[in-house]
Amino acid sequence: TFRRRFGAGIIDSLVFIPIGIIDPYLSSPQRNSVTLISWAILNYSIFWIYSVFLHAKYGQTLGKMITRVKVLDVSETRVPTIRQALIRDSGYIVMNFLALLYFIYLVATRLYFQESQINYTPAIIINIAGMIWFILEIVTMAQNDKRRAFHDYLAQTVVVKNV
């Protein structure tokens, strides 16, 4: 299911193009702190909420529906529970939460408004953690017959072709 899952990821990212279009406007340093933080909370949460909700409700995001793959409990008899869906996206959730905290820190300390003062080290660490997570996902997926990624092992889920 690797190619289908990859395709599903691309399709799911297309769903969020409108967010990407308005993001530069709403995250501009010219906005007030309340607007910036409110937008950041929504922006840093919307994708994982979308993913968790749709996986727990249908076992599929829109991308997975189109590419005909489905996430099931490891028993392959039911869609994941909300707990399993949260665990499945936990790496992404944690990284987004840390990035959100860093963004709030920048806004609260007024460093966001003076870009030359920003210390990018926390952002670099979060990006490196994201790359390590991605590599771990790919390596685990390549190491087993069912192509289960690391997050599937954590959540006790499996992705199957939906015929």
Take Ser51 and decide whether it is assigned to a helix (DSSP H, G or I), among the small types (Gly, Ala, Ser), farther than 24 Å from Asp145 by Cβ and touching an Asp or Glu at 6+ places or on another chain (Cβ under 7 Å). yes
I'd like the residue in the range 138-163 that is modelled with pLDDT of 90 or more and in a helix (DSSP H, G or I) and, out of all such residues, is nearest to Pro80 (Cα to Cα). Ala155
Pick from the range 105-128, criterion touching a helix residue (DSSP H, G or I) at 6+ places or on another chain (Cβ under 6 Å) and assigned to a helix (DSSP H, G or I), ranking: nearest to Ile46 (Cα to Cα): Ile126
Does Phe53 count as more than 16 Å from Val159 (Cβ to Cβ), at pLDDT 95 or above and open to solvent by 50 Å² or more (accessible area, probe 1.4 Å)? yes
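Among Arg83, Arg88, which is surrounded by fewer than 17 Cβ atoms within 10 Å (Cβ to Cβ) and of a type outside the set (Asp, Glu)?
On the way: Arg88 fails: surrounded by fewer than 17 Cβ atoms within 10 Å (Cβ to Cβ).
Exactly one of Arg83, Arg88 is surrounded by fewer than 17 Cβ atoms within 10 Å (Cβ to Cβ) and of a type outside the set (Asp, Glu), namely Arg83.
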Taking Leu36, is it touching a Ser or Thr at 6+ places or on another chain (Cβ under 7 Å), among the hydrophobic types (A, V, I, L, M, F, W, C), in a helix (DSSP H, G or I) and closer than 13 Å to Val107 by Cβ? yes
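Across the range 11-47, which residue is most open to solvent (accessible area, probe 1.4 Å) among those that are under 30 Å from Asp145 (Cα atoms) and in contact with a helix residue (DSSP H, G or I) (Cβ under 7 Å, 6 or more places away or on another chain)? Write out each step before concluding.
First, the residues of the range 11-47 that are under 30 Å from Asp145 (Cα atoms): 11-14, 47.
Within this subset, residues satisfying the condition of being in contact with a helix residue (DSSP H, G or I) (Cβ under 7 Å, 6 or more places away or on another chain) are 11-12.
Working: Ile11: 44, Asp12: 8 Å².
The qualifying residue most open to solvent (accessible area, probe 1.4 Å) is Ile11.
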Kindly indicate the residue of the range 104-129 that is surrounded by 14 or more Cβ atoms within 10 Å (Cβ to Cβ) and at pLDDT 90 or above and also nearest to Pro80 (Cα to Cα) among those meeting that condition. Ala129
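Might you let me know whether the range 3-10 holds any residue that is open to solvent by less than 60 Å² (accessible area, probe 1.4 Å), more than 28 Å from Ala149 (Cβ to Cβ) and part of a helix (DSSP H, G or I)? Before the answer, list the steps.
First, the residues of the range 3-10 that are open to solvent by less than 60 Å² (accessible area, probe 1.4 Å): 5, 7-9.
Right, trim to more than 28 Å from Ala149 (Cβ to Cβ) and you get none.
Within the range 3-10, none of the residues are open to solvent by less than 60 Å² (accessible area, probe 1.4 Å), more than 28 Å from Ala149 (Cβ to Cβ) and part of a helix (DSSP H, G or I).
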Do you know which of the residues in the range 64-86 that are in a helix (DSSP H, G or I) and in contact with a strand residue (DSSP E or B) (Cβ under 9 Å, 6 or more places away or on another chain) is farthest from Phe150 (Cα to Cα)? Lys64
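The values are calculated or read from the model by the stated rules, or taken from the named source; none is laboratory data. None of the values given here were measured: they were computed from a predicted structure. Note: ideal-geometry Cβ built from the backbone for every residue, glycine included; neighbour counts use all protein chains shown. Note: accessible area is taken over every heavy atom of the protein model, side chains too, but ligands, DNA and RNA are not part of it. Shrake-Rupley method; radii C 1.70, N 1.55, O 1.52, S 1.80 Å.
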